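S.K.: Have a look at the structure that comes next, please.
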Amino acid sequence: MQQLPDHHGRFGAYGGRYVPETLMPAILELEQAYEKVRRDRAFQAEFADYLKRFVGRPTSLYYAERLTKRLGGAKIYLKREDLCHTGAHKINNSIGQVLLARRMKKQRVIAETGAGQHGVATATAAAMFGMACVVYMGTEDMERQSLNVFRMRLLGATVTGVEAGSRTLKDAINEAMRDWTTNVRTTNYILGSVLGPHPYPMMIRDFQSVIGREVRKQILTEEGTLPDYLVACVGGGSNSIGLFHAFLKDRHVKMVGVEAGGLGVESGKHAARFAGGRPGVLHGTMTYLLQDDDGQVNLTHSVSAGLDYAAVGPEHSFYHDAGRIQYTSVTDDEALAAFDLLARDEGIMPALESAHAVAEVVKLAPRLKKKQVIIVNLSGRGDKDVQQVARIKGVTL
Amino acid sequence: MNRLDDTFQRLKAEGQKALIAYIMAGDPSLQETEALVLAMEKSGADIIELGVPFSDPIADGPVIQKAAERALRSGTTLRKILRTVASLRSKTQVPLVLMAYYNSIYAMGEAAFCRLAVEAGVDGVIVPDMPPEEAGPLETAAVQAGLKTIFLLAPTSTPARRAMVAKRSRGFLYYVSLTGITGAKLTNLEEVRRNVTKIRQAADVPVAVGFGIATPQDAAQVAGIADGVIVGSAIVRQVGEHAHDSGLPERVGQFVRSLKAAMAALPAA
């Protein structure tokens, strides 16, 4: 398999750099700075050190025995990214990008956030390094993730609500890009997923690919063999590509990306880009996009703010077309049922995003043999979702 | 020759600078857009830019974002805008330029877009989220159809990028006066002067300046620097405020007249 992306930032037909001229020099500068640290041993050692001592890596690979028995099929392992500092895989990327921003002598960082996990992770990294941090968040998401809003503020970040459009992740990215355009000389934009213009999809994938590298070692120790399936949820797609990347060349390892089916793909209220979208350009990248005939970006729906986005990382579009990764979706209800199931069977509350991956495992495991192995990325913990789950269940806290 | 080149040549001969007026197509309706174009031309606009509304306009500030929302609510699509342009062409020969985000064009297909735009009577296209690096397919289709692709430069553009864009822009070159989004405030006129001077030396086409030009005074000052002055948010704000007045085109025309008068009063640089 060739090295992706190519030097135009393309994964086949997807990716690229569709940004205003004002940002082009900054994008090119970022690309150059990243290419330098990518090969720089001192930087990689510093990054690895923070991941170990600050984030708590490596995260464990946990055999979910009761869930395996209940489903009666393949052996299920959970990659415990929920045990990362701040509660999700997002911190891997935030640390990497904030370290890079420091090398580039930028004093201010900005970020967008959907579920709030990337915002919290970036606010955390910025606090640790004493940098100014502004996080853009749709007001709809601020409501459903109010706990994370408060956490970011406690960490010293400014959280700016975005009222435009669907008031979710897409609109937060619009506003972050406008801020970056205005303050490009002093500010680095810490994008949270494998989205946006080159070099972000590549750089964020690299920072997250520590997940798959660890899993590879861990499963070889546990089982002496590579897994049959890898399963992860796909919003922008950073936790999934982070898990999958180290296994792409292992043709017998099957990979499933799980999108947000919302109220069902046929309802139109979902964020299943591969089921309901077609290629287009949003936020600087060519990729599968939920849009109408005229190219207007559709509003999306998911119970999970982190999956509620109209586009998907361009590398996913490439592997979708190539048939290397299979994409499917589960509904809000299926994800909520998986949330309950994992809490009761394993004593682990998954983030609603990660619950989508668990829901797919609930369907997949019984169809497989007992000696087969599934690894599911538990990308985040569910503490942030407790209030929302209570609301959905009609419980007043 | 074509309408854009003709206009810049005529103005040059007259010692005048081009006033380029931007409105959002379909705000508040495409009918009003037609009336606004005619009124702005009568009031002294030399070139008219029609914004194509997009759901996620990352280069635009709140004034144009809201205009896009209004236009989308009124059912505006790129195809309908092209019908409006075709209808306008029986009434006016003012150069018309579309400003469209790339996905609007990509969704129609580059070749189809360029062919249909030229058939309707569009002279050029500006794509704010399409740097030259990504412009290949659109440029090829545009050359074939006879549509001008207008590129942008910004204060952050490096000398190498200035040289590249100066050679590739057709019709005119759009210099973004500030690092920011539409509707921001213009503060550093000296920087604009320095950059425009450098760009004019390298460019084969006239250089127009946009972003942050809100008043007749701003327009006059920039007219002393560049070949064209682009006014967007300030006009769009007028459209928004008077959308339901019966005299909307006249109101906006009055504002355009004040811009043009201030520009004409100034001796050419």
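S.K.: From the backbone phi of the range A:82-89, what are the Karplus-calculated ³J(HN,Hα) couplings (6.51 cos²θ - 1.76 cosθ + 1.60, θ = phi - 60°) in whole Hz, Gly and Pro given as x?
M.R.: 5, 8, 4, 3, 6, x, 6, 5
S.K.: Want the number for B:Thr197 to B:Arg73: 0.36 nm per residue separation, take away the alpha-carbon distance, what's left? Present the calculation step by step, with values, prior to reporting the outcome.
M.R.: On the way: separation 124, 0.36 × 124 = 44.64 nm, distance 4.15 nm.
Going from the current span to full extension adds 40.5 nm.
S.K.: When only Cα pairs under 8 Å and 6 or more residues apart are kept, what is the percent relative contact order across the range B:3-265?
M.R.: Values: 506 pairs, mean separation 61.0, N = 263.
Normalised by residue count, the contact order of the range B:3-265 is 23 percent.
S.K.: Quick check on the range A:281-397: what are the equivalent-ellipsoid semi-axes from the Cα gyration tensor, as sqrt(5λ), descending, whole Å? Don't jump to the answer; show the numbers that get you there.
M.R.: Working: eigenvalues 152, 94, 24 Å².
Semi-axes from the Cα gyration tensor: 28, 22, 11 Å.
S.K.: Using a simple charge model, +1 on the beta-carbon of Lys and Arg, -1 on the beta-carbon of Asp and Glu, nothing else, what dipole does the range A:207-301 show about its Cα centre, in debye to the nearest 20?
M.R.: Numbers: 9 positive and 10 negative charges, 65 e Å.
Taking the Cα centre of the range A:207-301 as origin, the dipole is about 320 debye.
S.K.: A follow-up question, please. Counting other Cβ atoms within 10 Å of each Cβ, which trypsin sites (Lys or Arg not before Pro) in the range A:74-123 have at most 15 and sit in a DSSP loop? Mind dumping the intermediate values first?
M.R.: Values: sites: A:Lys75, A:Lys79, A:Arg80, A:Lys90, A:Arg102, A:Arg103, A:Lys105, A:Lys106, A:Arg108; in loops: A:Lys105, A:Lys106.
Within the range A:74-123, the qualifying trypsin sites (Lys or Arg not before Pro) (loop, at most 15 other Cβ atoms within 10 Å) are A:Lys105.
S.K.: From Cα coordinates alone, what are the radius of gyration and Dmax values for the range B:3-265 in angstrom?
M.R.: Expressed in Å, the Cα Rg and Dmax of the range B:3-265 come to 16.7, 50.
S.K.: Per 10 Å bin from zero, what fraction in whole % of the C-alpha pairs of chain A is there, up to the bin with the longest pair?
M.R.: Each 10 Å bin holds this share of Cα pairs: 5, 25, 36, 25, 7, 0.
S.K.: Please report, in debye to the nearest 20, how large the charge dipole of the range B:109-242 is about its Cα centre when each Lys and Arg carries +1 at its beta carbon and each Asp and Glu carries -1 there. Don't jump to the answer; show the numbers that get you there.
M.R.: Values: 13 positive and 13 negative charges, 82 e Å.
Here the range B:109-242 has a charge dipole of around 400 debye.
S.K.: Given points 7 Å out from each Cα along the Cα-Cβ axis, report the A:Leu220 to A:Arg103 separation in nanometres with one decimal.
M.R.: According to this spin-label approximation, the distance is 2.7 nm.
S.K.: Okay, next question. In the range A:289-306, what residues drop by 20 Å² or more of accessible area when the other protein chains are put back, versus the chain on its own? Use 1.4 Å, and skip ligands and nucleic acids.
M.R.: Residues passing the criterion (a loss of at least 20 Å², heavy atoms only) are A:Asp294, A:Gly295, A:Gln296, A:Val297.
S.K.: Gaussian network model of chain A, Cα springs within a sub-10 Å range: biggest mean-square fluctuation belongs to which of A:Ala45, A:Ala121, A:Ala232?
M.R.: A:Ala45
S.K.: With equal scatterers on the alpha carbons only and no solvent term, can you work out the Debye log10 of I(q)/I(0) for the range A:269-325 at 0.15, 0.17, 0.21 1/Å?
M.R.: Debye intensities relative to I(0), on a log10 scale: -0.39, -0.50, -0.75.
S.K.: Would you be so kind as to identify which of B:Val52, B:Gly26, B:Pro95 lies farthest towards the positive end of the dipole of the range B:3-265, taking Lys and Arg as +1 and Asp and Glu as -1 on Cβ and the Cα centre as origin?
M.R.: About the Cα centre, the residue reaching furthest to the positive side is B:Pro95.
S.K.: So how far apart, in nm, are the two label points at A:Arg185 and A:Tyr63 if each is 7 Å from Cα heading toward Cβ?
M.R.: With each label point 7 Å from Cα toward Cβ, the separation is 6.0 nm.
S.K.: With charges set only on the Cβ (+1 for Lys and Arg, -1 for Asp and Glu), what does the dipole of the range A:1-68 come to about its Cα centre, in debye to the nearest 20?
M.R.: Numbers: 10 positive and 9 negative charges, 63 e Å.
Dipole size: approximately 300 debye.
S.K.: Can I ask one more? Net charge near B:Gly224, counting Lys/Arg +1 and Asp/Glu -1 over other residues with Cβ under 14 Å of its Cβ?
M.R.: On the way: positive: B:Lys17, B:Arg193, B:Arg194, B:Arg200; negative: B:Glu190, B:Asp218, B:Asp227.
In short, +1.
S.K.: Residue separation times 0.36 nm, minus the C-alpha to C-alpha distance between A:Ala42 and A:Arg344: what's the value?
M.R.: Details: separation 302, 0.36 × 302 = 108.72 nm, distance 4.41 nm.
Answer, rounded to one decimal: 104.3 nm.
S.K.: Which FRET efficiency value, to the nearest 0.05, do you get for A:Arg251 and B:Ser258 by plugging their Cβ-Cβ distance into 1/(1 + (r/R0)^6) with R0 = 60 Å?
M.R.: Values: r = 69 Å, r/R0 = 1.15.
The value I calculate is 0.30.
S.K.: Show which lysines lie in cross-link reach of A:Lys371 when reach means a straight Cα distance below 28 angstrom and same-chain residues fewer than eight apart are skipped.
M.R.: A:Lys69, A:Lys75, A:Lys79, A:Lys217, A:Lys249, A:Lys254, A:Lys363
S.K.: Please build a GNM for chain B, connecting alpha carbons under 10 Å apart, and tell me which residue among B:Lys148, B:Lys198, B:Lys66 fluctuates the most.
M.R.: Ranking B:Lys148, B:Lys198, B:Lys66 by mean-square fluctuation puts B:Lys198 first.
S.K.: With labels modelled as points extended 7 Å from the Cα through the Cβ direction, what inter-label distance (nm, one decimal) is found for A:Met128 paired with A:Arg53?
M.R.: Inter-label distance under the simple model: 1.0 nm.
S.K.: What FRET efficiency do you get for A:Gln372 and B:Glu119 if R0 is 51 Å and r is their Cβ-Cβ distance, rounded to the nearest 0.05?
M.R.: On the way: r = 59 Å, r/R0 = 1.16.
Plugging the Cβ-Cβ distance into 1/(1 + (r/R0)^6) gives 0.30.
S.K.: Excluding residues fewer than 8 places away in the same chain, name every one of the aspartates and glutamates whose C-alpha is closer than 12 Å to that of A:Lys170.
M.R.: Correct list for A:Lys170: A:Glu112, A:Glu140, A:Asp141, A:Asp308, B:Asp56.
S.K.: Could you identify which residue out of A:Ala13, A:Ala311, A:Ala246 has the top mean-square fluctuation in a GNM of chain A using Cα springs shorter than 10 Å?
M.R.: Of A:Ala13, A:Ala311, A:Ala246, the most mobile in the Gaussian network model is A:Ala13.
S.K.: Then there's this: What are the ³J(HN,Hα) couplings of the range A:241-252, residue after residue, when phi is run through the Karplus curve with 6.51, -1.76, 1.60 and θ = phi - 60°? Round to Hz, x for glycine and proline.
M.R.: Result, ordered by residue: 5, x, 6, 6, 4, 6, 10, 4, 7, 8, 4, 7 Hz.
S.K.: With a 1.4 Å probe and every protein chain left in place, work out the accessible area per residue of chain A in Å², rounded to a whole number.
M.R.: Dividing the accessible area of chain A by its residue count gives 35 Å².
S.K.: Among A:Val265, A:Phe150, A:Ala126, which residue has its Cα positioned farthest towards the positive end of the charge dipole of chain A, with +1 placed on the Cβ of Lys and Arg, -1 on the Cβ of Asp and Glu, and the dipole taken about the Cα centre?
M.R.: Of the listed residues, the answer is A:Ala126.
S.K.: Quick one: length gained pulling B:Arg10 to B:Ala243 fully straight, 0.36 nm per residue minus the C-alpha distance? List each step's numbers first, then the result.
M.R.: On the way: separation 233, 0.36 × 233 = 83.88 nm, distance 3.34 nm.
The B:Arg10-B:Ala243 span can extend by a further 80.5 nm.
S.K.: List, in order, the whole-Hz ³J(HN,Hα) value for each residue of the range B:157-170 obtained from phi through the Karplus relation with A = 6.51, B = -1.76, C = 1.60 and θ = phi - 60°; use x for Gly and Pro.
M.R.: Those phi angles translate into 4, 7, x, 5, 6, 4, 5, 5, 5, 4, 7, 9, 6, 10 Hz.
S.K.: Another question, if that's okay. Quick one: Debye curve from the alpha-carbon atoms of the protein assembly as shown only, equal weights, vacuum; give me log10 I(q)/I(0) at q = 0.10 Å⁻¹ to two decimals.
M.R.: Here the Debye-derived log intensity ratios amount to -0.89.
S.K.: Write out the chymotrypsin sites (Phe, Trp or Tyr not before Pro) in the range A:1-58 meeting two conditions: DSSP loop, and at most 16 other Cβ atoms within 10 Å of their Cβ. Kindly include the intermediate steps, with their values, before the conclusion.
M.R.: On the way: sites: A:Phe11, A:Tyr14, A:Tyr18, A:Tyr34, A:Phe43, A:Phe47, A:Tyr50, A:Phe54; in loops: A:Tyr18.
Taking the range A:1-58 and a limit of 16 other Cβ atoms within 10 Å, no loop chymotrypsin sites (Phe, Trp or Tyr not before Pro) are found.
S.K.: Can you tell me which aspartates and glutamates have their Cα less than 20 Å from the Cα of B:Lys260? Leave out same-chain residues fewer than eight positions away.
M.R.: The reachable aspartates and glutamates, counting only those whose Cα sits under 20 Å from B:Lys260, are B:Asp5, B:Asp6, B:Glu14, B:Glu41, B:Asp46, B:Glu49, B:Asp218, B:Asp227, B:Glu250.
The values are calculated or read from the model by the stated rules, or taken from the named source; none is laboratory data. Keep in mind the model is a prediction, meaning the values are calculated, not measured. Neighbour counts run over all protein chains shown; Cβ positions are idealised from the backbone, glycine included. Heavy atoms of the whole protein, side chains included, go into the accessibility calculation; ligands, DNA and RNA do not. Shrake-Rupley method; radii C 1.70, N 1.55, O 1.52, S 1.80 Å.
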